[in-house]
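*Asks:* Just passing along the structure, written as structure tokens.
We did not get these values from a lab; they are worked out from the coordinates using the rules stated. What you see is a predicted model; the values in this text were computed from it and never measured. We place every Cβ from the backbone using ideal geometry, glycine too, and count neighbours over all the protein chains shown.
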């Protein structure tokens, strides 16, 4: 596993040399865009919208579009001046209770590994976080962007979870949402609560698998073996009976409970 970042955790006057590794991995299947008739791969090029000609990299600049349609051209030096200071420090500036952070702020996990000489200070921070029941709120810079995060203990490790800034979240008040004027009967609410109760279980992440990837790989292998012949799916998925939102709500709730029992 390749480290994404090397630096240190700043904890008061203590510095803990560490490496960051991605705490998640994708299981996507890479599919190329090709021309059907001859399987020629499609290539994307940088083309000017004005004359349709390809533009070489050394002629490309970044620009901010003004209201009148003109652009303010930004040179590399301008962007560099606006970038956060390139620091190699995960700076803990505050400690908070983890349950005070709503899940909508959580974004991306990183695994934190100590340098050989920092095993004791790493263990000290990890154990202190466990005992306190708190997490370290911190700021760090990766590439050219400053991020907000929390350092939290997980078994023998410390995990850095990147979190979103408040300004990055959209306000749900922008949506057209049902208000208190919508009437929900006690019977409807009780049945909905019953459904929730019937489907309640302990969260065990290992139970949940990416079935789409497995099914797509299975289909790819079949098509490769068939050598161009049409492949028919063995089991066509059964279509659920579509219900209109205007259908009787109690009927839908009863049918849901019946389906759970069966």
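*Asks:* Can you give the extra length, in nm with one decimal, that the chain gains between residue 85 and residue 4 once fully stretched, where that is 0.36 nm per residue apart less the Cα-Cα distance?
*Replies:* 27.4 nm
*Asks:* Oh, and also: Modelled label-to-label distance, residue 99 and residue 221, 7 Å Cα→beta-carbon offset: nm?
*Replies:* 4.5 nm
*Asks:* Now, a different point. Checking the a/c ratio against 1.5 first, then a/b against b/c, what shape does the Cα gyration tensor give for region 1-65?
*Replies:* Judged from the Cα gyration tensor, region 1-65 comes out oblate (a/c at least 1.5, b/c at or above a/b).
*Asks:* Here's a follow-up. Label region 74-128 by shape, choosing from rounded, prolate and oblate, from the square roots a ≥ b ≥ c of the eigenvalues of the Cα gyration tensor; if a/c is under 1.5 it is rounded, and otherwise prolate applies when a/b is larger than b/c, oblate when it is not.
*Replies:* Since a/c reaches 1.5 but b/c is at least a/b, the shape of region 74-128 is classed as oblate.
*Asks:* On alpha-carbon atoms, Rg over Rh for the chain using Kirkwood Rh?
*Replies:* My calculation puts Rg/Rh at 1.05.
*Asks:* Take residue 258 and residue 53, extend 7 Å from each Cα along the Cα→Cβ direction, and tell me the distance between the two endpoints in nm.
*Replies:* Reported label-point gap for residue 258 and residue 53 is 7.1 nm.
*Asks:* Applying 1/(1 + (r/R0)^6) with R0 = 22 Å to the Cβ-Cβ distance of residue 74 and residue 139, what FRET efficiency is obtained, to the nearest 0.05?
*Replies:* Calculated transfer efficiency: 0.35.
*Asks:* Now for a separate question. In nm, what is the difference between 0.36 nm times the number of residues separating residue 183 and residue 40 and their Cα-Cα distance?
*Replies:* Result for the pair: 45.6 nm of gain on full extension.
*Asks:* As a test of the formula, what do you get for the chain when each DSSP H run with n ≥ 4 contributes -39,500 (n - 2.57) and the sum is divided by the residue count, at 222 nm and rounded to the nearest 500 deg cm²/dmol?
*Replies:* -7500 deg cm²/dmol
*Asks:* From the square roots a ≥ b ≥ c of the eigenvalues of the alpha-carbon gyration tensor of region 30-88, which class results: rounded (a/c under 1.5), prolate (a/b over b/c), or oblate?
*Replies:* oblate
*Asks:* Now for a different question. What residue among 68, 194, 15 shows peak mean-square fluctuation when the chain is described by a Gaussian network model with Cα springs under 10 Å?
*Replies:* 68
*Asks:* Once each part is reduced to its C-alpha centroid, what is the distance from region 117-135 to region 1-32 in angstrom?
*Replies:* 18 Å
*Asks:* Obtain the nm distance between the two label points defined at residue 214 and residue 30 by a simple spin-label model: each point lies 7 Å from its Cα along the Cα-to-C-beta direction.
*Replies:* The two pseudo-label positions are separated by 2.5 nm.
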